[in-house]
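*Asks:* What follows is a structure written as structure tokens; I'll ask about it next.
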Amino acid sequence: DQQVKQNSPSLSVQEGRISILNCDYTNSMFDYFLWYKKYPAEGPTFLISISSIKDKNEDGRFTVFLNKSAKHLSLHIVPSQPGDSAVYFCAALPSSSNTGKLIFGQGTTLQVKP
Amino acid sequence: GAGVSQSPSNKVTEKGKDVELRCDPISGHTALYWYRQRLGQGLEFLIYFQGNSAPDKSGLPSDRFSAERTGESVSTLTIQRTQQEDSAVYLCASSLLPGGDTQYFGPGTRLTVL
């Protein structure tokens, strides 16, 4: 049972345009949502997070939006840069977890074309 | 400072053999996680260590999988009698505190079972 889903395996955008990566979840009992970025042959690196009590969090070019009624979150990158090309994972932290055990989506590969 | 390191970076083994994967967390990080990423899938939680507390083994897929951690240092993940479905990238992460603290990932060990 996939509790966190990223339905788009890949996305291609032009440099300077907006990238929008989407994530859906099925469990209402998540406290935090996180986005990780992964380059080939490297481990994922934390990008940005949002608490379940908020609907938006912004950090530079990166903004995460949370729509709890739709159980949907999205990551906006604007303007997109070629160095943003990577795999992006959405992850959720269950409120019942006191261990930090994250539940990840399948990932979306973003390609930003120069 | 040094990040999370893992060894070996790649491991090819024959079906039925045992393998041992190593993780060196960031010094001072109390929490340590093992995840697995199979081809085309997201990261799958395996096991969590926190100090001297009993580990959370709820993600281990079978009794062929085991892991140890000595205090707040090195951890080893052992897979006995490997099967082809064990082929995956095994990722280790550590965090300063348990719960929702940021997890820092190592580069992973790519395991291929022939």
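Table: residues versus (1) of a type in the set (Ser, Thr, Tyr); (2) closer than 19 Å to A:PHE104 by Cβ; (3) touching a residue at least 12 places away in the same chain (Cβ under 8 Å); (4) facing chain A (nearest Cβ under 9 Å).
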{"residue": "B:PRO8", "(1), (2), (3), (4)": "no, no, yes, no"}
{"residue": "B:GLN41", "(1), (2), (3), (4)": "no, yes, no, yes"}
{"residue": "B:LEU46", "(1), (2), (3), (4)": "no, yes, yes, no"}
{"residue": "B:PRO61", "(1), (2), (3), (4)": "no, yes, yes, no"}
{"residue": "B:SER95", "(1), (2), (3), (4)": "yes, yes, yes, yes"}
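*Asks:* Taking interchain pairs and intrachain pairs at least six residues apart, which have beta carbon atoms under 6 angstrom, with the first residue in region A:77-106 and more than 13 Å from chain B (Cβ to nearest Cβ) and assigned to a helix (DSSP H, G or I) and the second open to solvent by less than 10 Å² (accessible area, probe 1.4 Å) and of a type in the set (Val, Ile, Thr)?
*Replies:* Partner pairs satisfying both residue conditions: A:PRO82/A:VAL112; A:ASP84/A:ILE77; A:ASP84/A:VAL112.
*Asks:* Name the residues in region B:54-71 that are under 14 Å from B:SER94 (Cα atoms) and in a strand (DSSP E or B), would you?
*Replies:* Once the filter is applied, which keeps residues that are under 14 Å from B:SER94 (Cα atoms) and in a strand (DSSP E or B), region B:54-71 yields only B:ARG69.
*Asks:* Report yes if some residue within region B:67-84 is over 13 Å from the mean Cα position of the chain (by Cα), within 11 Å of chain A (Cβ to nearest Cβ) and exposed (fewer than 13 other Cβ atoms within 10 Å of the Cβ); otherwise report no.
*Replies:* No; the residues of region B:67-84 include none that is over 13 Å from the mean Cα position of the chain (by Cα), within 11 Å of chain A (Cβ to nearest Cβ) and exposed (fewer than 13 other Cβ atoms within 10 Å of the Cβ).
*Asks:* Please go through region A:3-55 and give me each residue that is within 27 Å of B:SER5 (Cα to Cα) and of a type in the set (Phe, Trp, Tyr), ordered by number.
*Replies:* Listed by number, the residues that qualify are A:TYR32, A:PHE33, A:TRP35, A:TYR36, A:TYR39, A:PHE46.
*Asks:* Still on this model: For region B:44-58, which residues satisfy the criterion of being open to solvent by less than 50 Å² (accessible area, probe 1.4 Å) and under 11 Å from the mean Cα position of the chain (by Cα)?
*Replies:* Across region B:44-58, the qualifying residues are B:PHE45, B:LEU46, B:ILE47, B:TYR48, B:PHE49.
*Asks:* Quick check on my filter: what residues within region B:97-110 are at negative phi and at the interface with chain A (Cβ under 7 Å from one of its Cβ atoms)?
*Replies:* B:PRO98, B:GLY100, B:ASP101, B:THR102, B:GLN103, B:PHE105, B:GLY106, B:PRO107
*Asks:* Now a separate question. Of all residues in region B:27-39, how many are under 24 Å from A:THR109 (Cβ atoms), open to solvent by 30 Å² or more (accessible area, probe 1.4 Å) and more than 9 Å from chain A (Cβ to nearest Cβ)?
*Replies:* Residues meeting the conditions: 2.
*Asks:* Can you tell me which condition B:VAL19 does not meet? The list is (1) surrounded by fewer than 18 Cβ atoms within 10 Å (Cβ to Cβ); (2) more than 14 Å from chain A (Cβ to nearest Cβ), and all the others hold.
*Replies:* Just one mismatch for B:VAL19, condition (1).
*Asks:* Which one is surrounded by the fewest Cβ atoms within 10 Å (Cβ to Cβ) among residues in region B:85-114 that are under 11 Å from the mean Cα position of the chain (by Cα) and polar (S, T, N, Q)?
*Replies:* B:THR109
The values are calculated or read from the model by the stated rules, or taken from the named source; none is laboratory data. Please read all numbers here as calculations on a predicted model, not as lab measurements. In this analysis, Cβ positions are derived from the backbone assuming ideal geometry, glycine residues included, and neighbour counts consider all displayed protein chains. Accessible surface areas use protein heavy atoms only, side chains included; no ligands, DNA or RNA. Shrake-Rupley method; radii C 1.70, N 1.55, O 1.52, S 1.80 Å.
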